[in-house]
Amino acid sequence: MTENEHWEQEAPEREKEPVQEAPPGDVAENAAEATGNEANLQEAEISELKNRLLRLQADYDNFRRRSREDMQQLSIFVSVELLSKFLPVLDNFKRAIASGAGQDAESLQKGIDLIFRQFEKAMRDAGVEEVTALGVQFDPNLHEAVMRCENADLPDGQIDMVLEEGYKLKDKVIRHSKVRVVNNSN
């Protein structure tokens, strides 16, 4: 038996079964009630999503505020750590100035040299390095050319004079070295 024949045989049996129809008012009420329930569910879901969005926005705002406060605290901590390395140098300069009036030039020079070495050590301890410049090839990432000169004994692009030392902290340049660069070509 094919599928069509099967349905044709069952069709008369189904026609015999009484179909219960809901009164027209009940159908409309049921449809309205279903639509109302659906609308209430949608409103509840929208309300829940709005609440979740507000909570997420508040969490994000709190995160940004905490991050900003943490960065400020870290900045203060780093500054205190760095400045504590330089305070002894400042103290020694004050002592040198206070005792400098009665000192001869040689002892004053020795005192300044000691303070200078102390200052250099504090800079090294803080991670600050001097940029190597004299006798090396010019590198625009590390050096700033402020003058050019001719020197047949040196190759083009070599630095033959440092006018102002440059410094870097790890790989970050704090100040470029101001240099004079050899340029033999006219």
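The values are calculated or read from the model by the stated rules, or taken from the named source; none is laboratory data. What you see is a predicted model; the values in this text were computed from it and never measured. Glycine gets a Cβ as well: all are built from the backbone with ideal geometry, and neighbour counts include every protein chain shown. Side chains are part of the model used for accessible areas, which takes the heavy atoms of the whole protein and leaves out ligands, DNA and RNA. Shrake-Rupley method; radii C 1.70, N 1.55, O 1.52, S 1.80 Å.
Looking only at segment 107-133, residues that are in contact (Cβ under 8 Å) with a residue 40 or more places away in the chain and either open to solvent by 60 Å² or more (accessible area, probe 1.4 Å) or in contact with a Gly (Cβ under 7 Å, 6 or more places away or on another chain) (or both) come to 4 in all. ALA11 meets all of the listed conditions (1) assigned to a helix (DSSP H, G or I); (2) open to solvent by 100 Å² or more (accessible area, probe 1.4 Å); (3) at pLDDT below 90 but one, namely (2). Taking first residues from segment 135-147 that are surrounded by 12 or more Cβ atoms within 10 Å (Cβ to Cβ) and partners that are among the basic types (Lys, Arg), the Cβ contacts under 6 Å between residues at least 6 apart in sequence or on separate chains come to GLU144/LYS178; VAL146/LYS178; MET147/ARG180. Pairs linking a residue in segment 170-186 that is hydrophobic (A, V, I, L, M, F, W, C) to a residue that is open to solvent by 90 Å² or more (accessible area, probe 1.4 Å) and in a strand (DSSP E or B), with Cβ atoms under 8 Å and 6 or more positions apart or on different chains, are VAL181/ARG148; VAL182/ARG148.
Here's the yes/no breakdown for (1) within 33 Å of the chain's Cα centre (by Cα); (2) modelled with pLDDT under 90:
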position: ALA133; (1), (2): yes, no
position: ARG148; (1), (2): no, no
position: ASP153; (1), (2): no, no
position: MET161; (1), (2): no, no
position: ASP171; (1), (2): yes, yes
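Identify the single condition in (1) modelled with pLDDT under 85; (2) open to solvent by less than 80 Å² (accessible area, probe 1.4 Å); (3) farther than 30 Å from PHE119 by Cα that ALA96 does not satisfy, given that it satisfies every other one. Just one mismatch for ALA96, condition (3).
Here are some residues: SER79, SER75, SER67, SER107. Which one is part of a helix (DSSP H, G or I), farther than 30 Å from VAL173 by Cα and not hydrophobic (A, V, I, L, M, F, W, C)? Let's see the steps before the verdict.
Values: SER79 fails: farther than 30 Å from VAL173 by Cα; SER75 fails: farther than 30 Å from VAL173 by Cα; SER67 fails: farther than 30 Å from VAL173 by Cα.
Matching residue, one of SER79, SER75, SER67, SER107: SER107.
When residues in segment 148-162 are screened for being more than 16 Å from THR132 (Cα to Cα), outside any loop (DSSP other than H, G, I, E, B) and open to solvent by less than 70 Å² (accessible area, probe 1.4 Å), 1 of them pass.
Could you please find all residues in segment 163-179 being assigned to a strand (DSSP E or B) and out of contact with any helix residue (DSSP H, G or I) (no Cβ under 9 Å at 6 or more places or on another chain)? Reasoning before the result, please.
We begin by selecting, within segment 163-179, every residue assigned to a strand (DSSP E or B); these are 163-164, 167-169, 172-175, 177-179.
Those that are assigned to a strand (DSSP E or B) and out of contact with any helix residue (DSSP H, G or I) (no Cβ under 9 Å at 6 or more places or on another chain): LEU163, GLU164, LYS168, LEU169, LYS172, VAL173, ILE174, ARG175, SER177, LYS178, VAL179.
Across segment 47-93, what is the total count of residues that are among the polar types (S, T, N, Q), open to solvent by 80 Å² or more (accessible area, probe 1.4 Å) and at pLDDT below 95?
Of the residues in segment 47-93, the ones among the polar types (S, T, N, Q) are 47, 51, 57, 62, 67, 72-73, 75, 79, 84, 92.
Retained after the next criterion (residues that are open to solvent by 80 Å² or more (accessible area, probe 1.4 Å)): 57, 72-73.
In the following step, the residues that additionally are at pLDDT below 95 were identified as 72-73.
Total satisfying the criteria: 2.
How many residues does segment 163-186 contain that are more than 30 Å from VAL78 (Cα to Cα) and either of a type in the set (Ser, Thr, Tyr) or surrounded by 16 or more Cβ atoms within 10 Å (Cβ to Cβ) (or both)?
Within segment 163-186, the subset more than 30 Å from VAL78 (Cα to Cα) is 163, 179-186.
With either of a type in the set (Ser, Thr, Tyr) or surrounded by 16 or more Cβ atoms within 10 Å (Cβ to Cβ) (or both) added as a condition, the list becomes 179-183, 185.
Residues that pass the stated criteria total 6.
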